[in-house]
Amino acid sequence: MFHKITFSISEKKLKKKKILDFFENIVFEKKNKYWQVQIITSNYSRDLKFLNLIFRIKKHQCIEISKKNWVLSTFQKDRPVKTNFFTISQNQLKIISTKNFLKIPASTAFGTGKHFSTLLIIKNIEWLSKKKKLFSFLDLGTGTGILAFVLVKIYKKKIIATDIDIESEKCVNLNKRTNSINNVFFVKCRDFHTSYLNRKKFDLIVSNLLLSPLKKNIVNFCRYLKSGGFVIVSGILKSQVNDMISHYGKFNLKLVKYNYINDWVSIIFKKL
């Protein structure tokens, strides 16, 4: 059984305590001068004690959620996500041309196109595809495989997709069959820690994670990018953009552009 813990926190405390470093399944929404935070946890008692110890939250709400019922409910309420190139849905839409259609059911891995961080990075991939011809690709932290599928549909090239989560591997393989996609190769590993990537260089790396792992992987982004290659990151907040641009700039990754929806941002960098 899972629980959703909801509470409010000031922006100052949010930045100071770096809550993103402690929880993975977390959603933010700005409410006046405060941030409303929602955390999905499988260990309610432990995580509530931790929140009270570290963040001293005075009030919170908690509801039980069933993972199975949540997935079914999301599926039933599905509204397709549309970009310039794609229509992405959790259901099979017969009226949609299969050429630019992706079916990505809600599952135990992240990435159906619904979250702003996913939508933003897809839009940036589409924008870059109109500017540059690219030939080699890596999707780091692939989740459901959605970004790898977007890449393979646009570029018609082999895509390497990595993730540490066993659920991700299951979802990617299922979604490959569902969408009749063969040219995506899944590698189970944490970050870049696999011999499979030895001596490989990429024109484009995409990664929809969070601030901390995106900063931690900067050296490897540089190592595995070709000269003039690009990295597109997502999963960061507006308040973190300057930090990201400054940090990546120290490693000769130049800002190309960024886009945002509400408080979520995706950024394109180029290796000089």
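The values are calculated or read from the model by the stated rules, or taken from the named source; none is laboratory data. Keep in mind that this is a model prediction, so the values were computed, not measured. Cβ: placed from backbone, ideal geometry, glycine included. Neighbour counts: every protein chain shown.
Couple of notes before you dig in:
- Considering Gly235, Gly249, Gly229, the condition of being surrounded by 15 or more Cβ atoms within 10 Å (Cβ to Cβ) and more than 14 Å from the chain's Cα centre (by Cα) is satisfied by Gly229 alone.
- Subset of the stretch 1-58 (residues that are β-branched (Val, Ile, Thr), modelled with pLDDT under 75 and not in a strand (DSSP E or B)): Ile19
- Residue count for the stretch 260-272, restricted to those that are touching a strand residue (DSSP E or B) at 6+ places or on another chain (Cβ under 6 Å) and surrounded by 16 or more Cβ atoms within 10 Å (Cβ to Cβ): 7
- Among the residues making up the stretch 224-239, a single one is assigned to a helix (DSSP H, G or I) and of a type in the set (Gly, Ala, Ser): Ser239.
- Scope the stretch 156-193; condition surrounded by fewer than 21 Cβ atoms within 10 Å (Cβ to Cβ) and either part of a helix (DSSP H, G or I) or modelled with pLDDT under 90 (or both); matching residues: Asp165, Ile166, Glu167, Glu169, Lys170, Asn173, Leu174, Lys176, Arg177, Thr178
- Set Lys158, Lys201, Lys188, Lys153: member being out of contact with any strand residue (DSSP E or B) (no Cβ under 6 Å at 6 or more places or on another chain), of a type in the set (D, E, K, R) and in contact (Cβ under 8 Å) with a residue 40 or more places away in the chain: Lys153
- Residues (over 14 Å from Thr142 (Cβ atoms) and of a type in the set (Ser, Thr, Tyr)) located in the stretch 197-228: Ser212, Tyr224, Ser227
- Tally of residues being crowded, with 24+ Cβ neighbours inside 10 Å and within 16 Å of Ile232 (Cα to Cα) across the stretch 144-155: 7
- Assessment of the stretch 172-186 against the conditions (within 17 Å of the chain's Cα centre (by Cα) and basic (Lys, Arg)) yields no matching residue.
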